[in-house]
1. Would you point out which residue out of 250, 200 is more than 20 Å from residue 272 (Cα to Cα), assigned to a strand (DSSP E or B) and touching a strand residue (DSSP E or B) at 6+ places or on another chain (Cβ under 8 Å)?
2. Can you list residue pairs whose Cβ atoms sit under 9 Å apart, with the first residue in segment 666-688 being under 16 Å from residue 12 (Cα atoms) and the second being hydrophobic (A, V, I, L, M, F, W, C) and assigned to a loop (DSSP other than H, G, I, E, B)? Count only pairs 6 or more apart in sequence or on different chains.
3. Can you tell me how many residues within segment 721-745 are in a helix (DSSP H, G or I) and touching an Asp or Glu at 6+ places or on another chain (Cβ under 7 Å)?
4. Taking the condition of being under 9 Å from residue 718 (Cβ atoms) and assigned to a loop (DSSP other than H, G, I, E, B), how many residues in segment 674-689 meet it?
5. Go through segment 753-804 and report how many residues are at pLDDT 85 or above and part of a strand (DSSP E or B).
6. Looking at segment 218-246, which of its residues are outside any loop (DSSP other than H, G, I, E, B) and touching a residue at least 24 places away in the same chain (Cβ under 8 Å)?
7. Can you give me the number of residues within segment 690-703 that are among the charged types (D, E, K, R) and either more than 17 Å from residue 783 (Cα to Cα) or in a loop (DSSP other than H, G, I, E, B) (or both)?
8. Within the set of pairs 6 or more residues apart or between chains, which connect a residue that is within 13 Å of residue 528 (Cα to Cα) inside segment 463-483 to a residue that is of a type outside the set (Gly, Ala, Ser) and modelled with pLDDT under 70 with Cβ atoms less than 6 Å apart?
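The values are calculated or read from the model by the stated rules, or taken from the named source; none is laboratory data. Predicted model only: the values in this text are computed from it and were never measured. Here the Cβ positions follow ideal geometry from the backbone for every residue, glycine too, while neighbour counts run over all protein chains shown.
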Amino acid sequence: MPQEQKDKKIIDAENKKKKIQEKEDKKKQSIEKKKKDAEKKMLDKKAKKEKKILNKKSNEEKKIEKEKTQVVQKEEKKLKINTESVKFSLIKFFTIIFATSQIVLAIFQLINFEKISFDELKHIEATELNNRKKLLQDTTNIAINSITKIYNDFKQEEKELLEQGKSNTDIQIEEAKYKEDALKLIKTFRFDGVNGYFYVYDYEGKNIAHPIQPQLEGENLWEMKDKNGVMVIQELIKAAQNRGGFVNFVWNKPEISKEVDKIGYATGFDSWEWMVGTGLYIDDIQKTVDEFKKDVFIQRLQIIATFFIIAIIFIVIGWIVSAGIVTRLLIDPLKKLIEKSETIGKGDLTVKFEFDRKDELGELIKSFSGMVDTLKNLNQKIYIAIIILTKNLRNLFKSANAVRDSANTQAVTVEETLGNFESMNSMVETISNESGKANSYTDQALRKAQQGMDSMQKLEGEMAKIESSSQEITNIIEMINEIAEQTNLLSLNASIESARAGEAGKGFNIVAGEIRKLAEKSTGAANRIHELITNNNKIIQEGVKYSKTTTNILKEISFSNELITGLVKTISDEVHKVKLSSKEILQAINHISFIAQANLSESEKVSGTMNDFVAQTLELQKFVGQFDVRSDKIKENQQHIEEILKSKLIEAGKILQEYGASFLPTGENVPIGNYKVSELQVGKTIVTGSTEIVDSISKRTNTSVTIFQVAEDCLIRVATTVRNFDNSRAIGTIIPSENNIYKTVMDRKEYFGRAFVVNRWYVAVYKPIIDETGFIFGVIYLGIPEEMEISKDTNLSNILDEEQEGILKDTTFKHQF
């Protein structure tokens, strides 16, 4: 039984779709039929008028018409002969201009290309060298860090050995072991293939580690120099003692058994007086440069070949353009002249020739003017033609009145649009001013962040000084401990001697005991001070760590402020562009008004133009709406509407509970727009392609409602109360994946805010529909059209009715904004 009901509903839905489609087809056919009937009527009317005029012409009028035609033909022949030379000259002139411009352009491009190629060559060479320098520096720092870690381990063991009372010889033996471990580790390091290794020298030039040439170990190479006279080892040691640096020299390359350029980097480990160095060959950089030069040469040849092709093309285009210009300068004026001659041929001798030219065309116009003077003497012969022309002019006058009325209506509409754009200009000006203030605020924040960074750097310096002082105190305490130990030993020896002295040494024994007690107290006090100093050092180190963290945070704040400054500038630039665009739009509106008045007789074309204009206006509305130009009152209302929408989401959930709560697939795939999606139902009610549920939610919440499904890389409307411009439901329209709404809901979050829905701005909420497994298979949308600022002279009820597009109203409920 449920399956039969389901099938019945599917059939009913398909029947409804067919009926809707049939209605739309009938509507389209009706519109097409009306268009054809209107065109047919216009043609029939025009044919009847022409036939009526022809029937009224007498034999005498036909004779006059024939004479006029012969005169015009003679003048046209004369015109053709006299204008051939002008046409050829103009075409030749424009062709030369085109060819010259192309040659100049090609020369300029070649010069510019040469400069760009040279700059790129330098850039490639510098980039390759800098990359290798950075590699050497980074890898050497890693090696130094490894040595530092081993050295720190040694220092820790040295401290323990000192506490155990070990001699300096024992400590030196242990240090030698740690040095050997460090050198073994350095020898194992590799980078950039076989040539990336590390070597170690002491500050006197003796090699103590070389993984590739172990025979050099133990030799003093202080005086070694390359073929260019560079004292290689001395320069490397000098760079190491100066906190690291690069040295260029020539060295043998094993792969080719040849001395080539090499760049070395060395840094010092002062604790052991080691120079740790490495290097890379740079002869292949020149190879890369040579390959680039070869590519540049090939590109230059291609440019020359391309230029010749383009030059030929432009010469051909020059001929075509020249012909077009000649047509505009010669043929079009001749057509106008022919039209005037035809007017004269119909009997209107009041034609005025407004050409002021001294070429062949001017001579022709002068001849026509003389002909008109001659024809004026034939008043009686053309009297009948004048009567016919007068009657035609009456009909033309009636048409002109109708055109004038239509032009006035259109002029009012254009003037209102002009006023709206002027208002927009004022809003854009406000945004521009506010952007300037924001720019000033971000500059202030940037300065404050910089001041904070300077203060933190000073704090780090002071903390370092405290830490150094604490270390000196620790050293002093260690000296006190040594003195106390020596005093204790002396008191012990004194006790032994007093015991040997017997009665005579008892007093000395008491003094020795007091000295021992004093030594023990000194040792205890010194240890306590050492413990306090150690804890103090830990606190200082934590303070240094936190100050560095704070400095980094301030740097990030400074960087963020710089980004904000850039964004504010970008917004200001975009606002300026909008201002310029609005001026262009105003000019376009004036142009549209002129075109409308010139072409009002073609009503269907005007209608099509207005539809295009509406579409462009919607695009403009969407673009301008992205900038926040709303008043404070409207912003407060939007926040209030968002709170309302949150409650409406809960109410929509209750309505879905009445239908069955959960969205479940029916197992069918149905076409929606250009996609095929899985058909969904809530309870027993179909959702996909249906309007029942969205209409019910819309009526009871007074919001526009849409249910989306996820389709490939977009959200597609499968059920909606939102309508297109032609008043059809916007089922099948999409929200693409690059839209912020799509990104938010696919991240399992609700989207609240402004949204451009099909053809207008809404305050909207989009909530993802998630099943029990966490899969997002749809989105529900509720929206209220964004409030408009309405003038006192505007009918409020009409505006509100228009604003609630996509909402099925329930008269028992009204929003209280």
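1. After ruling out the rest, the residue left standing is 250.
2. That search, which allows pairs on different chains as well, returns 679/687; 681/687.
3. The number of residues fulfilling the criteria is 0.
4. 3
5. Looking only at that region, the number is 16.
6. Those that are outside any loop (DSSP other than H, G, I, E, B) and touching a residue at least 24 places away in the same chain (Cβ under 8 Å): 232, 233, 234, 236, 237, 239, 240, 241, 246.
7. Total satisfying the criteria: 1.
8. Within 6 Å, the pairs are 477/530.
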